[in-house]
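One structure below.
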Amino acid sequence: MEVPGHSLRDVKAPTHRYGAELANAIEEKWRERWEREGTYLAPNPSGALAEPNGRLASREAYYVLDMFPYPSGSGLHVGHPLGYIGSDVVARHRRMQGFNVLHTIGYDAFGLPAERYAVETGRHPEVTTRENIANMRRQLRRLGLGHDPRRSVATTDPGFYRWTQWIFLRLYEAWYDPVADAARPVA
């Protein structure tokens, strides 16, 4: 009901009212805590990735790898998070069951979608892909998903595609010999 001379916009909400601003503040507080404490960082038994959470390394391992999104646009679309939320639920459930859960995500950035986006924007695909990956990571973080960012890969990273190309060449240069039950050189 409108009161003459007053608008609902003039009414201040009580400070205890739960709204978007309070929700964002609560969510950001927890995201920062999870990052500070390394909540979703899966430890190795030894080496550079043993900490934080080294005490969890002896637990039975459980691996969750999310589908690699194509960072070929300016960000996530509404369908992207659906699968990631499902795998995040599985990873959290396993973590609560006492597993040392490695939950990570990679980015498949080769191919026509990345090239088309670069053509549309008039910028090099290396630059647009790097920016799009950073934006997707920011968006996925906002969703509160429990990925271990230290284990993330992008198919455009030379350290990644060097080995996939090496494997492809070994396969290309070989044939399967059913008598020997082994791969043999084509030569």
Looking only at region 37-51, decide whether some residue is open to solvent by 50 Å² or more (accessible area, probe 1.4 Å), in a loop (DSSP other than H, G, I, E, B), touching a Phe, Trp or Tyr at 6+ places or on another chain (Cβ under 6 Å) and of a type in the set (D, E, K, R). no
Which listed residue, of GLY5, GLY73, GLY54, GLY38, is under 25 Å from ARG150 (Cα atoms) and modelled with pLDDT under 80: GLY73
Would you check if LEU169 is of a type outside the set (Phe, Trp, Tyr) and open to solvent by less than 50 Å² (accessible area, probe 1.4 Å)? no
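This table checks each residue for (1) within 19 Å of ALA42 (Cβ to Cβ); (2) in contact (Cβ under 8 Å) with a residue 12 or more places away in the chain.
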position: GLN97; (1), (2): yes, no
position: THR104; (1), (2): yes, yes
position: GLU126; (1), (2): no, yes
position: ARG151; (1), (2): yes, yes
position: ASP157; (1), (2): no, no
Being under 24 Å from THR156 (Cβ atoms), surrounded by fewer than 15 Cβ atoms within 10 Å (Cβ to Cβ), free of Cβ contacts under 8 Å to residues at least 24 places away in the same chain and within 18 Å of the chain's Cα centre (by Cα) narrows it down to one of GLY75, GLY83, so name that one. GLY83
Within region 143-158, can you find the residues that are open to solvent by 50 Å² or more (accessible area, probe 1.4 Å) and outside any helix (DSSP H, G or I)? LEU143, ASP157
Condition set in a loop (DSSP other than H, G, I, E, B) and out of contact with any Lys or Arg (no Cβ under 9 Å at 6 or more places or on another chain), scope region 61-72, selection surrounded by the most Cβ atoms within 10 Å (Cβ to Cβ): answer is PRO69
(1) under 14 Å from GLY146 (Cβ atoms); (2) in contact (Cβ under 8 Å) with a residue 40 or more places away in the chain all hold for GLY111 apart from (1)
Identify, from the list ALA114, ALA109, ALA180, ALA134, the residue that is in a loop (DSSP other than H, G, I, E, B), under 20 Å from TYR70 (Cα atoms) and either open to solvent by less than 70 Å² (accessible area, probe 1.4 Å) or hydrophobic (A, V, I, L, M, F, W, C) (or both). ALA109
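The values are calculated or read from the model by the stated rules, or taken from the named source; none is laboratory data. Everything quoted here is computed from the prediction, not taken from an experiment. Cβ sites come from the backbone with ideal geometry, for glycine too, and all protein chains shown count toward neighbours. Side chains are part of the model used for accessible areas, which takes the heavy atoms of the whole protein and leaves out ligands, DNA and RNA. Shrake-Rupley method; radii C 1.70, N 1.55, O 1.52, S 1.80 Å.
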